[in-house]
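Notes to accompany the following structure.
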Amino acid sequence: MIETENADKKTIGKEKAAAARAIAAMIRKNSEAGQLISEPEILRLAAEQRLLSPPAGDPAEEVWSILRQVVGQNEDLHELSAGDGSRHYYSSRFMTRAYALILLQKQGDPLHLIASIVRENSALYPRPVPLDIFTQPPFALGRQEVLNDLERMAAEEKYQDIMSTKTSASRVFLYSTLHLEPEHASMLAEWLDVGQFENP
């Protein structure tokens, strides 16, 4: 009887170790593809792949417990919490925390995403950002979508600091008046778009 119990424990231990490897691989695979993976998605994939034998308890709770362990034991695996309390995961082997945070923000309000990126660049560097940066990964928004978002922002009080300037090459840059004066933003945009290439 004791031997049978020990054999069962070993089997469960091996099964959990295999499940942990599979969950870590899921997170890394998504990160390599430039995506976050959510907790519900991990639970769904774990169920589809039958990573665990039917347990006596709650299978979601079991996978969640293994997920906590996987993140705790692998330095490259990280958890991010969204504003709604949902949890998402990424591997720093394939993306930086900043990139992962942009992906997380992208799942929410695009107006907030655009404004936060523009304000951050205006405050920290300080520099305006080209509008077309939002059409490229990790943002990957359509140009018309960005233009529509800017129109909506212009009508909302909380985004009144987000302004645009156009360079002599007709490229649009965005900046925040909380951190940059309009003349300074225009000068920086011109330098970034034209001047630095003409004066290497």
* Dipole magnitude of the range 28-74, debye to nearest 20 (Cβ charges: Lys/Arg +1, Asp/Glu -1, about Cα centre) -> 180 debye
* Against the longest principal axis of the chain, how steep is helix 97-106, in degrees 0 to 90 to the nearest 10, with axes from Cα atoms? -> 80 degrees
* Structure fact -> Once normalised by the length of the chain, the mean sequence separation of its alpha carbon contacts under 8 Å that are 6 or more apart gives a contact order in percent of 16 percent
* Asked: Which cross-chain or sequence-distant (5 or more) residues have an amide H under 5 Å from the amide H of ILE37, H modelled 1.01 Å from N in plane?
  -> TYR89
* Show that you can apply the helix-only estimate: for the chain, add -39,500 (n - 2.57) for every DSSP H stretch of four or more residues, divide by all residues, and state [θ] at 222 nm to the nearest 500. => -16500 deg cm²/dmol
* For ASP161 and ARG68 in the same chain, what is the full-extension length gain: residue separation times 0.36 nm, less their Cα-Cα distance, in nm? -> 29.4 nm
* Asked: Which semi-axes, in whole Å and largest first, does the equivalent ellipsoid of the chain have when worked out from the alpha carbon gyration tensor as the square roots of 5 times its eigenvalues?
  -> 48, 16, 13
* For the chain, find the longest principal axis of its Cα atoms and tell me its angle to the long axis of helix 39-48, 0 to 90°, nearest 10. => 40 degrees
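If we sort 31-39, 73-81, 110-118 on the protection proxy, mean other Cβ atoms within 10 Å, highest first, what's the order?
Ranking the peptides 31-39, 73-81, 110-118 by packing returns 110-118, 31-39, 73-81.
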* **Net lengthening on full extension, LEU124/LEU178 (0.36 nm per residue, minus Cα-Cα)** => 18.3 nm
* **the chain: angle of helix 2-32 to the longest principal axis, Cα-based, in degrees nearest 10** => 10 degrees
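Just so you know, all these numbers are worked out from the coordinates, no wet-lab data involved. Here the structure is a predicted model, which is why all the values come from computation and not from measurement. Neighbour counts run over all protein chains shown; Cβ positions are idealised from the backbone, glycine included.
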